[in-house]
Amino acid sequence: MFSEWKFTAKDIAEKADLFMSGHRACAGCAAATVMRLVLKAVRGPIIATSATGCMEVVSSIYPYTSWATPWIHTAFENVAANASGIEAALKILKKKGRIKQQRIDVIAFAGDGGTYDIGIQALSGAVERGHDFLYVLYDNEAYMNTGIQRSGGTPHGASTTTSPAGTVIPGKVQYKKPIADIMVAHDMPYVATASPHYWRDLITKARKGIEVDGPAFLHTFAPCPRGWRSDPSKSIEISRIAVETCIFPLWEAINGEYQLSAPSKVIALRPERKKPVREYLKMQGRFRHLFTPKFEKIIDEIQQLTDKRWQRLLKKCGIV
Amino acid sequence: MTVQEKSWKEIPPAGICWKPSTEYLTGDWKTYKPIMDSEKCTRCTLCVIFCPDGAIHWNPGKEDIEFDYDFCKGCGICANECPTKAIEMKLE
Amino acid sequence: MESVAKQKLLALNGDEAVAYAAKQSDVDVAAAYPVTPQTIIVERFSEYVANGEVDTEFVCVESEHSAMTACITASATGARTFTATAAPGLALMHEMLYVASGCRAPVVMTVVNRALSAPINIHCDHSDSMSERDSGWIQIYAENSQEAYDSMIQAFRIAENPEILLPVMVCLDGFTLSHALENVHVLSDDIAKKFVGTRQFPRVTAHEGKDASFRLDPENPISIGPIAFPNYYFEIKRQQEEAMKNAPKIIQQVHEEYAQISGRHYGNGLLDAYCLEDAEIAIICLGSTAGTVKTVVNELRAEGVKAGLLRIRSFRPLPVEGIVKALEKVRAVAVMDRSLSFGGHGGPVFHEVHHALYDTPVHPYIVNYIYGLGGRDTSPSHIRKIYEDLQGILQTQRVEDPVRYVRLRG
């Protein structure tokens, strides 16, 4: 099903960026690292497409573009439909002999707003139709581009501009939607989660998503210093601690079969290595209000929810 | 940093971009600048991999790390992630 | 040249005629969603796909928003694209219609005109396409199914012309045309295909400084759909307007070239005048209503009344000079609008015609008739009444109430 692509750090370091320097992402933006790394995984020519959002805006401020590959953006809620159109065109144009390349892969990028919320219809439709493309969700857990408004991907307790921590309400009341599980429920060939700290795992999964026939969904974790009120230098570190606390476990589901990826498997086998969520939360200003007597119980709730979801995942992976 | 602004007759149709962002230097955003201690560096290239801005290059000819201060925004991820603490962020 | 006699004569309803034209146009990608009264188009087209009669990738999307989106990106990738919709679907596409024209994607879309909700109504009026008149799409309104077929074949040539590169909407009246059987002359597949040709791409200079084909091609990457700030957005919109200004000439050329192979003319391709040369009173309308009006004009002419008709075929771009010229000698004009522009002074066609006539030295009297909303029938007797009103206006030399309603209970 997958090629035996092996690579070293230097192979990746040497490979030219398809997401070029001079983009205007904030300093310390992990989503920009995700973009670079995913695009290092390509096996040949690609056409990329983006939903409206941070990575779209920062990479295409007219007349500049950061895309060293053909790229199109149309709107916010429809990147999976963008990919559908591109893929359908490539298929027929190739059949009619109107394009030279043997194979062109299609990669779609969207943030959490463009995926969990406004884009889920187009995504669900494109996956049901079985278009051959990789969908990359860079999840920075709120509408960062418009000024940190909560989305379906914002976690419980996080303070955003539309779920502010007030004197009565402790940030976002609802829970983060399990988007990757929703995608697995589409019975699609490949779904995976990835975190940029585990760059090798991320690139490998992106490559698998590109190689697999049919739709693939890659949920990447993308700390946002601006929206998370975190130290820009800590973005990659936070992406590690999210995995170590099981806030964001790493796994893949190939044809619906879940399996833990190495960084999370280590924790499953050695549960004492699982860090308390407090360590993750304390690095981010968006959770600052939870460290007050009034809202402290929310931390316990987050811990319980994290444990519950982790246990559920272990069961899916056949680890009891 | 600014470009000569063109008339509607001179630009390509459909809002096709006509400049690569590599002509837009983001290096002046930074307050702190990464400085590498060449002796501590093991050339593991993790900094090259993690840099959000593609502002650290691996030069295979020289077998060395090169910082591209034209694009470095000074976030400090490279210093934070360096396994041997070979990078220090210094006030510009 | 192929004469009319050599063409096949098929009994087709309007939707089938459109699907037949799409079948003959070497469409690469069709993306559509079913909506009444357009559904027959996607059904027929799906059959062509299922039977291997077309070499088209048919994307049966989950919404009209995605239909238009997929057409835009497929078009950007280099495909000839086609879709069809009607009122609620067109309204859902609204956002993407502007993106299609802004990205200069030559998508061809059939709009089977239907009333907009609420209340929900599946029957014909023009509120759907009139709501999109400023979306940067060329709009052609067909009088009958034959014209719908012919216009579809022409539409690809117009849209893809490098001087235009704009999406084209071919509009036909819901049910009146879409579901009514008509004898339609169709070209042979070969002649149609040859007429439509293969899509050509203009050259652009991409960001890497290379000469690139205007399509998403990994060999010469281009970026389409960026964010443009106030320093450039305006310029990009102005280019679209220039394309619209180029369009009338191309629409006429394509129409003329098509007439050569089909033997069919629709006026000059932009405007279709009937008994207008010496007319004192005239009706202006769009779409299938023109057929009813012609019947009444014939009757009136037999009675010695100098009545005429001007049918606007191309509403976008609007042939302003042509309208002014066509109405030069007319003394009283009734503009028929099959949609309302709530709170405006009359309907959109009235706005446009009124506006076009403002700068002429001698204005005819002009009056607006809102008619047929939600599929209400307009029969020859109602049209006759409008001509009688115009005669009355000429007698009294004044227009009492400029915006009137046809067949509305008082």
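Every test in (1) surrounded by fewer than 18 Cβ atoms within 10 Å (Cβ to Cβ); (2) more than 11 Å from every other protein chain (Cβ to nearest Cβ) is passed by residue B:86 save one, and that test is (1). Can you find a residue in the range B:11-24 that is within 29 Å of residue B:61 (Cβ to Cβ), in contact with a helix residue (DSSP H, G or I) (Cβ under 9 Å, 6 or more places away or on another chain) and not aliphatic (A, V, I, L, M)? Yes; the residues of the range B:11-24 include at least one that is within 29 Å of residue B:61 (Cβ to Cβ), in contact with a helix residue (DSSP H, G or I) (Cβ under 9 Å, 6 or more places away or on another chain) and not aliphatic (A, V, I, L, M). Residue C:58 falls short on exactly one of the conditions (1) away from chain A (no Cβ under 14 Å); (2) assigned to a strand (DSSP E or B), and that condition is (1).
Within the range A:237-253, if we keep just the residues that are among the hydrophobic types (A, V, I, L, M, F, W, C) and within 14 Å of chain B (Cβ to nearest Cβ), the residue that is farthest from residue A:313 (Cα to Cα) turns out to be A:238. As for the range C:337-344, it holds at least one residue that is away from every other protein chain (no Cβ under 14 Å), among the small types (Gly, Ala, Ser) and open to solvent by 60 Å² or more (accessible area, probe 1.4 Å). When residue A:26 is tested against the conditions (1) part of a helix (DSSP H, G or I); (2) within 9 Å of chain B (Cβ to nearest Cβ), the lone failure is (1). The number of residues in the range A:180-209 that are within 25 Å of residue B:52 (Cα to Cα), in a helix (DSSP H, G or I) and open to solvent by less than 10 Å² (accessible area, probe 1.4 Å) comes to 6. Restricting attention to the range C:314-334, the residues that are within 26 Å of residue C:405 (Cβ to Cβ) and in contact with a helix residue (DSSP H, G or I) (Cβ under 8 Å, 6 or more places away or on another chain) total 9. Against the conditions (1) without any contact (Cβ under 8 Å) to a residue 40 or more places away in the chain; (2) facing chain A (nearest Cβ under 7 Å); (3) outside any loop (DSSP other than H, G, I, E, B), residue B:57 satisfies every one except (2). Filtering the range C:158-174 for residues that are in contact (Cβ under 8 Å) with a residue 60 or more places away in the chain, among the charged types (D, E, K, R) and over 21 Å from residue C:311 (Cα atoms) leaves a non-empty set.
Residues of the range A:38-69 that are open to solvent by 10 Å² or more (accessible area, probe 1.4 Å), assigned to a helix (DSSP H, G or I) and more than 7 Å from every other protein chain (Cβ to nearest Cβ): A:54, A:58. The set of residues from the range C:213-267 being part of a loop (DSSP other than H, G, I, E, B), within 14 Å of chain A (Cβ to nearest Cβ), surrounded by fewer than 19 Cβ atoms within 10 Å (Cβ to Cβ) and touching a residue at least 12 places away in the same chain (Cβ under 8 Å) comprises just one member, C:220.
Against the test of being within 10 Å of chain A (Cβ to nearest Cβ) and either touching a strand residue (DSSP E or B) at 6+ places or on another chain (Cβ under 7 Å) or open to solvent by 10 Å² or more (accessible area, probe 1.4 Å) (or both), the options C:76, C:118, C:86 yield a single qualifying residue, C:76. For residue B:45, the conditions (1) more than 7 Å from chain A (Cβ to nearest Cβ); (2) on the phi > 0 side of the Ramachandran plot are fulfilled apart from (1).
When residue A:12 is tested against (1) open to solvent by 30 Å² or more (accessible area, probe 1.4 Å); (2) touching a residue at least 60 places away in the same chain (Cβ under 8 Å), exactly one condition is not met: (1).
Taking residue C:53, is it in a loop (DSSP other than H, G, I, E, B), free of Cβ contacts under 8 Å to residues at least 60 places away in the same chain and open to solvent by 20 Å² or more (accessible area, probe 1.4 Å)? Yes: the conditions hold for residue C:53. When residues in the range B:25-41 are screened for being of a type in the set (D, E, K, R) and not in a loop (DSSP other than H, G, I, E, B), 2 of them pass.
Residue C:97 fulfils the conditions (1) within 13 Å of another protein chain (Cβ to nearest Cβ); (2) in a helix (DSSP H, G or I); (3) within 19 Å of the chain's Cα centre (by Cα); (4) surrounded by 24 or more Cβ atoms within 10 Å (Cβ to Cβ) except for a single criterion, (4). Of everything in the range B:52-82 that is of a type in the set (Asp, Glu) and under 8 Å from the mean Cα position of the chain (by Cα), the residue that is farthest from residue A:16 (Cα to Cα) is B:70. Number of residues in the range A:78-94 that are more than 7 Å from chain C (Cβ to nearest Cβ) and open to solvent by 10 Å² or more (accessible area, probe 1.4 Å): the value is 2.
The set of residues in the range C:390-401 that are within 20 Å of residue C:294 (Cβ to Cβ) and open to solvent by less than 30 Å² (accessible area, probe 1.4 Å) contains only C:390.
Here residue C:146 passes the criteria (1) farther than 22 Å from residue C:33 by Cβ; (2) under 10 Å from the mean Cα position of the chain (by Cα) except the one numbered (2). Among the residues making up the range B:8-24, those that are at the interface with another protein chain (Cβ under 7 Å from one of its Cβ atoms) and either more than 24 Å from residue C:228 (Cβ to Cβ) or assigned to a loop (DSSP other than H, G, I, E, B) (or both) are B:8, B:11, B:12, B:16, B:17, B:18, B:24. The set of residues from the range C:363-389 being touching a helix residue (DSSP H, G or I) at 6+ places or on another chain (Cβ under 8 Å) and among the small types (Gly, Ala, Ser) comprises C:372, C:379.
Any chance the range A:285-299 includes a residue that's more than 16 Å from residue A:171 (Cα to Cα), assigned to a helix (DSSP H, G or I) and modelled with pLDDT of 95 or more? No, the range A:285-299 contains no residue that is more than 16 Å from residue A:171 (Cα to Cα), assigned to a helix (DSSP H, G or I) and modelled with pLDDT of 95 or more.
The values are calculated or read from the model by the stated rules, or taken from the named source; none is laboratory data. Since the model is a prediction, treat every value here as computed from it, not as a measurement. No Cβ is skipped: glycine too gets one built from the backbone with ideal geometry, and neighbour counts run over all protein chains shown. SASA here: full protein model, heavy atoms, side chains in, ligands and nucleic acids out. Shrake-Rupley method; radii C 1.70, N 1.55, O 1.52, S 1.80 Å.
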